[in-house]
1. What is the log10 of I(q)/I(0) for region 365-468, computed with the Debye formula using one identical point scatterer on each Cα and no solvent, at q = 0.20, 0.24 Å⁻¹?
2. About its Cα centre, how strong a charge dipole does region 1-133 have in debye, to the nearest 20, once Lys and Arg get +1 and Asp and Glu get -1 at the Cβ?
3. Quick one: angle between helix 153-166 and the longest Cα principal axis of the chain, in degrees between 0 and 90, rounded to 10, please.
4. Let me make sure I get this right: for region 255-442, a, b and c are the square roots of the gyration tensor eigenvalues over alpha carbons, sorted descending. Under 1.5 in a/c it's rounded, otherwise prolate if a/b > b/c, else oblate. Which is it?
5. Mean separation of Cα pairs under 8 Å and 6+ residues apart, divided by the residue count of region 327-378: what relative contact order is that in percent?
6. Using 10 Å bins from zero, what percent of all Cα-Cα pairs in the chain falls into each bin?
7. Over the chain, give the accessible area per residue in Å² for a 1.4 Å probe, as an integer.
8. Note down the magnitude of the dipole of region 255-442 about its Cα centre, charges +1 on Lys and Arg C-beta and -1 on Asp and Glu C-beta and zero elsewhere, to the nearest 20 debye.
Amino acid sequence: MTIPTQLFVDGAWHESRSGRKTTLINPATEEASAEVSAAQIEDIDSAVQSAHRAWEGGWRSLAPGKRTEVLFNVARLLREELEQIAQLETLHIGKPITDARDEAALGARVFEFYAGAVTAFHGQTIPIARGGFDFTLRQPMGVVACIVPWNFPFPIACWKAAPALAAGNCVVLKPASLSPLTALALGEIAHRAGLPPGVLQVLPGSGAAIGETLVTHPLIRKVSFTGSTDVGRRIMELAARDIKRVSLELGGKSPNIIFADGDWKRAAATSPMSVFANTGQDCCARSRVFVERGIFEPFVEAFVASTKTLVVGDPARPETQLGPLVSSGQRTTVEEFLTDARRHGSQIVCGGGRPQSRGYYLEPTVLLGVKNEERCWREEIFGPVVCIRPFEDEAQMLREVNASSYGLSGSLWTNDLRRALRVVRAVESGVLSINSHSSVHVEAPFGGFKQSGVGRDLGMAAMEGYTELKNVYVAET
Ligand code: NAD
């Protein structure tokens, strides 16, 4: 597979009309790793128009069995290219190769799931009071803009594009400017697998430059966005003008709640990677840990001991668990949070420094004594930083958990079934796990409460989100 570096429109590679390029920097070496065409406003209309032609010209009405066949073929070709896809992420965004391999496989799995879902997704028949026959249709919307972030570029591109395509829409995919290559690879592979030209367009470029033009284009019927809450808010405002459909997967500040009756030793051993994986650049990072008072000290000791065993370093090595942050700017942002924590007198019990001079690395950092009003407690840090605090009273702890403006993910550790169910109901978040740190399952809905977003990715819920619901009544007399 050749490494793609241009816009992928209508089944072919194109330079951006302005000739502008983005230089990618390998965050592990701080050296330039590739030059990629950067779409500008003048590239948007033709990409959206051609997606719309592809939709009207046949994708919307293709027999479901044919759509299944093409999407399974995409998955098959993706599986042949998993290693190449993984290497692209490691080289250009510093993702540890073992994680990059898992994420590439996840992308293929997503296509398999939605290929199968095409014919398992259906409307209803409804026994209405006056008699007659009533049924619902799930119809594709048209052209959908899928805007994705840089932290999980490949799987998120797949988990937006695959259900949108499976439901019969065409897609304009906009990857983040730091991580365009695997989205471009997806466009090329999907085309080779039999997706007709125009059905999946890929426009690399800066969100600030082209995002709003794409979102407000009159032929875009839905915007499916994953990224920061601030940009999500702006997209929702813009979409409101034409009542466009939106789904927004935004930031998080997820809790990890440890009760003394649970297997807290296992929780302490595994919790560091629930916040430090992907170097903390994870919307589901369990960055606020609440530990029942009786086990607080041994828990912190075990958590810190486990943190100190994490392998930070060259993302190309299979044993590496934490690579660099994605950019110099991202590291500076995270370090500003640590400066604020120090200023407030919070205690840094491990980490906080740069482990080596080259590459945008930062040590995994554990904070104690962080107060409610501090930035580290309230805001999404998106770096390898965790705050741990004790609790005595369950109700008070739940008030603190829910005081966040976010509500994406979280874990709780207990062996008391009644308590588990009580806490699950009380926590305001879209995704929770009991005695586990798992958040993402291809088959199950994923998304947030409150300012973590609206709508759901993954599972059959995502298919629903890419269709309009039509009700049809048939008189029988
Ligand atoms: P970002 O909001 O800066 O960018 C996300 C995408 O939006 C990129 O493709 C970007 O180019 C584009 N964009 C930027 N400005 C735009 C605009 N005005 N109009 C339209 N598009 C625009 O986010 P990021 O820095 O790439 O990613 C980090 C954020 O993403 C974090 O807040 C994280 O929590 C969130 N995130 C959420 C989830 C989730 O599923 N909830 C998953 C991953 C990341």
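The values are calculated or read from the model by the stated rules, or taken from the named source; none is laboratory data. The model shown is predicted, which means the values in this text are computed figures rather than measured ones. When we count neighbours, we look across all protein chains shown, and the Cβ atoms used for this are built from the backbone with ideal geometry, even at glycine. Just the protein is used for accessible areas: all its heavy atoms, side chains included, with ligands, DNA and RNA removed. Shrake-Rupley method; radii C 1.70, N 1.55, O 1.52, S 1.80 Å.
1. Debye intensities relative to I(0), on a log10 scale: -1.21, -1.46.
2. Numbers: 13 positive and 18 negative charges, 158 e Å.
It works out to roughly 760 debye.
3. Helix 153-166 sits at roughly 30 degrees to that axis.
4. Working: a/c = 1.68, a/b = 1.49, b/c = 1.13.
Note, shape of region 255-442 comes out prolate.
5. Working: 61 pairs, mean separation 19.2, N = 52.
Answer for region 327-378 is 37 percent.
6. Distribution as computed: 4, 20, 29, 25, 15, 6, 1, 0, 0 percent.
7. 40
8. Values: 21 positive and 22 negative charges, 27 e Å.
Dipole of region 255-442, to the nearest 20 debye: 140 debye.
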